[in-house]
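What follows is a short report on a single structure.
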Amino acid sequence: MIKSDLEIARETQLAPISEIAEKIGLTKEDILPYGHYIAKVSLNLFERLKEAQNGKLILVTAMTPTPMGEGKTTTTIGLAQALAKIGKRAMIAIREPSLGPCMGVKGGAAGGGYSQVLPMEEINLHFTGDIHAVSIAHNLLAAIIDNHIHQKNEPELNPRDIVWRRVIDMNDRTLRSIIVGLEGKGANGVMREDGFDITAASEIMAILCLSNSFSELKQRLGNIIAGYTPLRRPVMVREIGAEGAMAALLKHALLPNLVQSVEGVPAFVHGGPFANIAHGCNSIIATKMALKLADYVVTEAGFGADLGAEKFFNIKCRYGNLTPSAAVLVVTARAFARHGIENIVKHAENVARFKVPLVISINRFRGDSEEELKKILRQCELHGLVSFITDFRESGGEGGIALAEEIVRLCDAKIQFTPLYPLDWSISQKIETIATEIYGADGVNYTAEAEKQLRQIEMLGFSNLPICMAKTQSSLSDNPELAGKPRNFRITISSLKVSAGAGFIVAYTGKIMTMPGLPKKPSALMIDIDEAGNITGLF
């Protein structure tokens, strides 16, 4: 009988978090325990380890995924466990799960089977409260903005030109567009249109993950654009004076969360921006701290290489001054059945454009036949791609020893990592480069609204920022129905927004939404708790 993720998690004998911390050289003064098996790690550690040599950084990405995901997190955790099994000092650095997908269709995001991070229930449900802290800091600013308008404070904000929406860590399509300030003849504030995004799409989530220190966090929060004056001048948060209180709410959220895998490999689980509407990577702080504590750090970026990996290389590596040593492209039989070998080859080419060496991990799922996995292996090899069949879910680190040995070999090579574009290119030139070189588009179309926004962003002096494309994860194009390697298509930019605090320009394509909806039968309907406090239905 194949055990569920939850059963495996409960059967695992966890080490006290103090022992996990000691394993990577942390002292009692370095950690702030959250119970027996979770701890925050102090940023003071950077000063103590400033002379320590950085380890090798390995990115796990994927081909274009199916709705249920292809097991990138499982592969990330399993690969780190495999590296540990061959005697390497390894760590994991991944994102925190969002309650939206956990209660929706995709389920939890702590890995799977014998390659998951623990304690699984706590990590998937609330964890240390980081995402809630982001929600509260975000909504504090929303409340302050509406009070600023109501009190007629200076600088004057145009109620019709507020760009700061509210957030909640849940999929709720009915909140996408709302009206605030109803009734009360002004006592309830100024009536205006508003809406909710999911917390993972919050600019504050991106700021949390791209900040290197408390001072940078506060500076980035102050750079957020709250809205515009009647004369269309942007009003920054620092002009309103809210950045201090927002930073205070994020005091503990900025500290990385230390946990462990099923096989006792130390793991940082920190930050959680989506990759189709944000930059899709865990925090720079957690990644850089792990690089000081281990020889090999395995991290991931959300969805396919066209989204998470592209943003990891062009945004996160820039702001974190990071140089990846190797990448793993996760492939599965179900994604291969939908998208074919051309899709795999295109994603491999995308990673190669950044001059990062790549290896394919063909991730075995329950029910996959040996014949179909070997067919994918042969197809990859015919196209010159080094590939391995891995079974991290059922076999833990043992399921990918050959992959780990290849990763060590790749990491020994000299790296010439190069971002896709220089920052001094124009906004349209950067977007065109991503669309044509990464997606394979023939070019880019702009709606009239997007053209207007493009000119405004250029006029405001934000042209030198990197681009964060908001695009469907289900296709290389902006049409989720186009499988494989689409041809003869153009990318449509529907709108543009400058996230001045995060430090990038968001380009929205097609019909991408920043607030997902729940499916017909949400995963939440299967989750329960018994009289003893045991949770069931999580996966």
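Give the angle, between 0 and 90 degrees and rounded to the nearest 10, that separates the Cα long axis of helix 72-85 from the longest principal axis of the Cα atoms of the chain.
Between helix and principal axis, roughly 40 degrees.
Treating cross-link reach as a plain straight distance, find the lysines whose alpha-carbon is under 20 Å from the alpha-carbon of LYS152, omitting any fewer than eight places away in the same chain.
Within the straight-line cut-off, LYS152 pairs with LYS185.
Quick one: work out the % antiparallel among DSSP beta bridges in the chain, nearest 5.
Around 45 percent of the beta bridges assigned by DSSP in the chain are antiparallel ones.
Under a straight-distance cross-link criterion of Cα-Cα below 20 Å, which aspartates and glutamates are reachable from LYS521, leaving out those fewer than 8 residues away in the same chain?
Filter leaves ASP169, ASP172.
Mind checking region 436-516 for GluC sites (Glu not before Pro) that DSSP puts in a loop (not H, G, I, E or B) and that have at most 15 other Cβ atoms within 10 Å?
Working: sites: GLU437, GLU449, GLU451, GLU458, GLU481; in loops: GLU481.
When the GluC sites (Glu not before Pro) of region 436-516 are filtered for loop state and at most 15 Cβ neighbours within 10 Å, GLU481 remain.
Please arrange ARG393, ARG487, ARG334, ARG165 by counting, for each residue, the other beta carbons lying within 10 Å of its beta carbon, fewest first.
ARG487, ARG334, ARG165, ARG393
Can you put THR536, THR128 in order of Cβ neighbours within 10 angstrom, beginning with the fewest?
Details: THR536 11, THR128 24.
With the sparsest Cβ surroundings first, the list reads THR536, THR128.
From the mean inverse distance of alpha carbon pairs (Kirkwood) and the Cα radius of gyration, derive Rg over Rh for region 47-143.
1.04
At a 10 Å Cβ-Cβ cut-off, how would you order LEU217, LEU377, fewest neighbours first?
The order, fewest Cβ neighbours first, is LEU377, LEU217.
Filter the chymotrypsin sites (Phe, Trp or Tyr not before Pro) in region 356-456 down to the DSSP loop ones having no more than 16 other Cβ atoms within 10 Å, then list what survives.
For chymotrypsin sites (Phe, Trp or Tyr not before Pro) across region 356-456 that sit outside H, G, I, E and B with at most 16 neighbouring Cβ atoms in 10 Å, the list reads PHE417, TRP425.
Assuming a ≥ b ≥ c are the square roots of the Cα gyration tensor eigenvalues, decide whether region 58-98 counts as rounded (a/c under 1.5), prolate (otherwise, with a/b larger than b/c) or oblate.
It is prolate, given that a/c is not under 1.5 and a/b is the larger ratio.
Could you sort out which of LYS23/LYS355; LYS355/LYS485; LYS311/LYS497; LYS311/LYS511; LYS23/LYS50; LYS72/LYS485 sit more than 25 Å apart by Cα distance in this structure?
LYS23/LYS355, as the Cα separations exceed 25 Å there.
What 222 nm value per residue comes from the helices of the chain, counting each DSSP H run with n ≥ 4 as -39,500 (n - 2.57) and dividing by all residues, nearest 500 deg cm²/dmol?
Details: 19 runs with 172 residues, N = 539.
The helix contribution divided over the chain gives -9000 deg cm²/dmol.
Tell me the angle of helix 284-293 to the major Cα principal axis of the chain, expressed in degrees between 0 and 90 and rounded to the nearest ten.
30 degrees
For the chain, take the longest principal axis of its alpha carbons; what is the angle in degrees between that and the long axis of helix 448-459, to the nearest 10 within 0 to 90?
Its long axis makes an angle of about 80 degrees.
No value in this document is a laboratory result; all are computed from the given coordinates. From a predicted model like this one, the values you see are computed outputs, not experimental measurements. Counting neighbours? That spans all protein chains shown, and the Cβs are built from the backbone with ideal geometry, glycine included.
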